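Notes for the one structure printed next.
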Amino acid sequence: MRQLLTLSLLLPSLAFGQALTGTAPEQRTVFLEDFTGIKCVYCPEGHTIMAGIAAAHPGVVSLIGVHAGSFAVPSAGQPDFRTTAGTTINNFFGVSGYPSGVINRHSFGGTTVLSRNAWAEASAQILAMPSPVNLGMESSFDQDTRELTVHVQLYYTADSPGGEDRISVLLAENNITGFQTTPQGNNPNYNHTHVMRAYITGTWGEGVTTTTAGTTVDRTYTYTVPVEWNIANCEVTAFVGEVQSDVYQARTVAADGGATQIAGALAAVAGAFQAGSSGAGNNFSTIFHNLVGGSADFTVNIETIDAPASWGASLQVDGNTMASGSVITVAEAATVQFSATITPDNTPGIGNYRIFLTSVGFPDAAPMVQEVHVISGVHDLIVANPDAEQWNSRYTMAMDQAGELAYAKTSRDAFIKFGQADALGGVLNIYRNVSWTFPSITDEEVALLSSFMDNGGNLMIAGQDIGWDQSGASSAYGTAATQSFYTNYMLATFVNDGSPSSNQVVFNAGDPVFGGVSNSAVANVFGSGNTYPDEITPIAPASAILTYNTTPKIGGIRAQTANYKLVYFGVGPEQMGNQAVGRSMVQLSHDWFYGIVGITEFDAAMAALGQAYPVPADAVLHIPVNTLPGDAMLQVFDAMGRLVVEKTVAGEPEVLQVNTSGLANGVYSYRLRTAASAGPARSFTIAH
């Protein structure tokens, strides 16, 4: 489908010739400097993480492999990828562990040098930040003289906060076969990518002083490429930012004939994280700018990243609904209103969607992409740290085992953004999958969790080194805010880092929640020698729920305060050699949060909610209720786990009546949920 869209706004033209960059404000792009070495056993894992970040964010991630430090020193016959510039940068940032990453030379909570487990989240934070300047570039190569020419253009959409900025240009090479130590042993034929070869500018760039809104900068650089470097595998990266500090934008193109192609710009979506409800549309609006230099065609798309299949998603362009994949025609220098509507149904979940446009006439131009997110009907939320997602199945299987129908999982970054958007009002319990990742918790996160718990929310948190990370150790990530949260909300004192000798968990037989859980070996899931289950001491009113081996080393606590319930494990469910034990750690936390613990409490909850009649039901279902602790919510779910009826129950009625005439034939389940508990589900059928 093709539609002509009329001009609604003229954009200013640039002072130079053909524009390599646009004039509409853009977000920051990622500039990831990976400090690596050929003899660094875990550096290949860093390379994999980098590639994953770039694949998740096409066109806006620049990767540089900086070989420096002792692990980069080659032996005879091994490649030497070290450079003077790389060593200078390595020493300036004080890199001492490899692999380490510096993301946009930005300080995250006072830390610039990040472990590989923190790269993905740091990159996501950078991509959410506005840039005061846009950058474009083109590169050409003369085969006869081997002279490389790089043309860089800047356009400032806002005043630079740094005053004086720097343009830096460097050359890197891909697909170099050579020696690399890996966790599997030495590999003489490793494929090295993004290897930094040289800075074309000085190591710290070239100064820019015209940095106010509306100004342009046009620079050209030349460099003679050594004959031993394969120009077909080389790429040029240019970036602009503050002196030896924050990078605003970076772009990477092929050294031989590469150029940024700017077809348009899609402005950031205000309110990209929203709370939803069944049947109500969530609207997300943005503005698209045509920057081609003439009337042009664009394909508009919306795609599901991860969402309940039954939720609805639609696109609108200037108020007209269009199918995903439609082609629109946008007049020269025009802007159009581009929006998406996400409509949850009664299936609880989180919907993550990507809206984007691509140029028909310039297929190599980077797609213009924005993501939008909705949470609806979720009561139990699993939140995973970057690189801990691989263990989410331990949590989701436990939710299924508990019969929980209103749960979802998300990343820590998305959780923070939902929280900052005040979109977590329906969430009652949070399950933090930290595993063995750093930083274990962040300032932004604990600010939200503190408020959540103060207002009655419950928290389960699990992972080794959470306590160590708050211990004040020189290489730990803990801050004053996270350390305070650890003490005052997680109610724990860190004792010791633990060791592989703590290879058995023993649950406290006297604990009414976890006392019946079998003991389990601690599995070596993080590789040989990397098992460090935290040893902790509970702070009243917390009490110990598990120890290691037969010694009094405590590894898990739980507490009930006036405001919240807490379960904290210094060893993760994924580390249980007996996976059923790992699931029980999560399921019993869930059950305790809802007031269901042990056989006695289970029977009491079942007794409160009687068996419905008549079964099969036709027009009206009757549900006997014995005693309620207060006002409650009756929830009815279909066989797919979708919430189809939700009814407030006030007082102490003897029989609840539910109108089922509008429900299709099939099997349903029902349960009562109060602020303190949720009874087990019972089933019934409908036949009209």
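Checking the condition surrounded by 22 or more Cβ atoms within 10 Å (Cβ to Cβ), within 15 Å of Thr36 (Cα to Cα) and of a type in the set (S, T, N, Q), which residue from Asn90, Asn104 passes?
Details: Asn104 fails: within 15 Å of Thr36 (Cα to Cα).
None of the other options fit; the residue is Asn90.
Within segment 356-409, count every residue that is touching a residue at least 40 places away in the same chain (Cβ under 8 Å), under 25 Å from Ala120 (Cβ atoms) and of a type in the set (Gly, Ala, Ser).
So the count comes out to 5.
Suppose we keep only residues that are of a type in the set (Asp, Glu) and modelled with pLDDT of 95 or more within segment 1-44. Which one would you say is surrounded by the fewest Cβ atoms within 10 Å (Cβ to Cβ)? Outline the logic, then answer.
Taking segment 1-44 as the starting set, the residues that turn out to be of a type in the set (Asp, Glu) are 26, 33-34.
From what's left, modelled with pLDDT of 95 or more: 33-34.
Values: Glu33: 25, Asp34: 23.
Here the residue is Asp34.
Taking Ser543 as the residue in question, decide whether it is at pLDDT 95 or above, under 21 Å from Arg583 (Cβ atoms) and either of a type outside the set (Asp, Glu) or in the same structural domain as Thr437 (by TED's automatic domain parsing) (or both).
Numbers: at pLDDT 95 or above: yes; under 21 Å from Arg583 (Cβ atoms): no; either of a type outside the set (Asp, Glu) or in the same structural domain as Thr437 (by TED's automatic domain parsing) (or both): yes.
No.
Being over 20 Å from Ala158 (Cα atoms) and not small (Gly, Ala, Ser) narrows it down to one residue among Thr286, Thr211, Thr304; which is it? Step through it out loud before you land on a result.
Details: Thr286 fails: over 20 Å from Ala158 (Cα atoms); Thr211 fails: over 20 Å from Ala158 (Cα atoms).
The match here is Thr304.
In this structure, is Ala232 buried (at least 17 other Cβ atoms within 10 Å of the Cβ), of a type in the set (A, V, I, L, M, F, W, C) and in the same structural domain as Ile126 (by TED's automatic domain parsing)?
Values: buried (at least 17 other Cβ atoms within 10 Å of the Cβ): no; of a type in the set (A, V, I, L, M, F, W, C): yes; in the same structural domain as Ile126 (by TED's automatic domain parsing): yes.
Considered against the rule, which asks whether it is buried (at least 17 other Cβ atoms within 10 Å of the Cβ), of a type in the set (A, V, I, L, M, F, W, C) and in the same structural domain as Ile126 (by TED's automatic domain parsing), Ala232 comes out as no.
Taking the condition closer than 22 Å to Ser115 by Cβ and of a type outside the set (Lys, Arg), does Phe485 pass?
Details: closer than 22 Å to Ser115 by Cβ: yes; of a type outside the set (Lys, Arg): yes.
It is true that Phe485 is closer than 22 Å to Ser115 by Cβ and of a type outside the set (Lys, Arg).
Out of curiosity, is Thr237 outside any loop (DSSP other than H, G, I, E, B), among the β-branched types (Val, Ile, Thr), closer than 21 Å to Ala254 by Cα and under 35 Å from the mean Cα position of the chain (by Cα)? Quick ask: steps written out before the conclusion?
Working: outside any loop (DSSP other than H, G, I, E, B): yes; among the β-branched types (Val, Ile, Thr): yes; closer than 21 Å to Ala254 by Cα: yes; under 35 Å from the mean Cα position of the chain (by Cα): yes.
Spelling it out, Thr237 is indeed outside any loop (DSSP other than H, G, I, E, B), among the β-branched types (Val, Ile, Thr), closer than 21 Å to Ala254 by Cα and under 35 Å from the mean Cα position of the chain (by Cα).
Do any strands (runs of 3 or more DSSP E) entirely within segment 525-598 hold 3 or more residues that are over 15 Å from Ser502 (Cβ atoms), and if so, which? Working first, answer last.
Values: elements: 535-538, 543-548, 553-560, 565-569.
By residue number, 553-560, 565-569.
Just give me the residues in segment 468-485 being in contact with a helix residue (DSSP H, G or I) (Cβ under 7 Å, 6 or more places away or on another chain) and not in a loop (DSSP other than H, G, I, E, B), in sequence order. Please lay out each step first, then the result.
Applying the first criterion (in contact with a helix residue (DSSP H, G or I) (Cβ under 7 Å, 6 or more places away or on another chain)) to segment 468-485 yields 470, 476-479, 481-482, 485.
Ala481, Thr482, Phe485 - these are the residues of segment 468-485 that are in contact with a helix residue (DSSP H, G or I) (Cβ under 7 Å, 6 or more places away or on another chain) and not in a loop (DSSP other than H, G, I, E, B).
Do we find that Thr286 is within 24 Å of Ala323 (Cα to Cα) and either assigned to a strand (DSSP E or B) or assigned by TED's automatic domain parsing to the domain that holds Gly65 (or both) in this structure?
Working: within 24 Å of Ala323 (Cα to Cα): yes; either assigned to a strand (DSSP E or B) or assigned by TED's automatic domain parsing to the domain that holds Gly65 (or both): yes.
Considered against the rule, which asks whether it is within 24 Å of Ala323 (Cα to Cα) and either assigned to a strand (DSSP E or B) or assigned by TED's automatic domain parsing to the domain that holds Gly65 (or both), Thr286 comes out as yes.
Give Asn524, Asn508 a once-over and let me know the one that is assigned by TED's automatic domain parsing to the domain that holds Ala492, touching a residue at least 12 places away in the same chain (Cβ under 8 Å) and exposed (fewer than 15 other Cβ atoms within 10 Å of the Cβ). Even if it seems obvious, please write down each step before you answer.
Values: Asn508 fails: exposed (fewer than 15 other Cβ atoms within 10 Å of the Cβ).
The unique qualifying residue is Asn524.
Scan segment 45-57 for residues that are of a type outside the set (D, E, K, R) and either surrounded by fewer than 18 Cβ atoms within 10 Å (Cβ to Cβ) or within 27 Å of Leu154 (Cβ to Cβ) (or both) and jot them down.
Scanning segment 45-57 gives Thr48, Met50, Ala51, Gly52, Ile53, Ala54, Ala55, Ala56, His57.
The values are calculated or read from the model by the stated rules, or taken from the named source; none is laboratory data. Every value quoted in this text rests on a predicted model; they were computed, and no experiment measured them. Note that we place each Cβ from the backbone using ideal geometry, even for glycine, and neighbour counts take in every protein chain shown.
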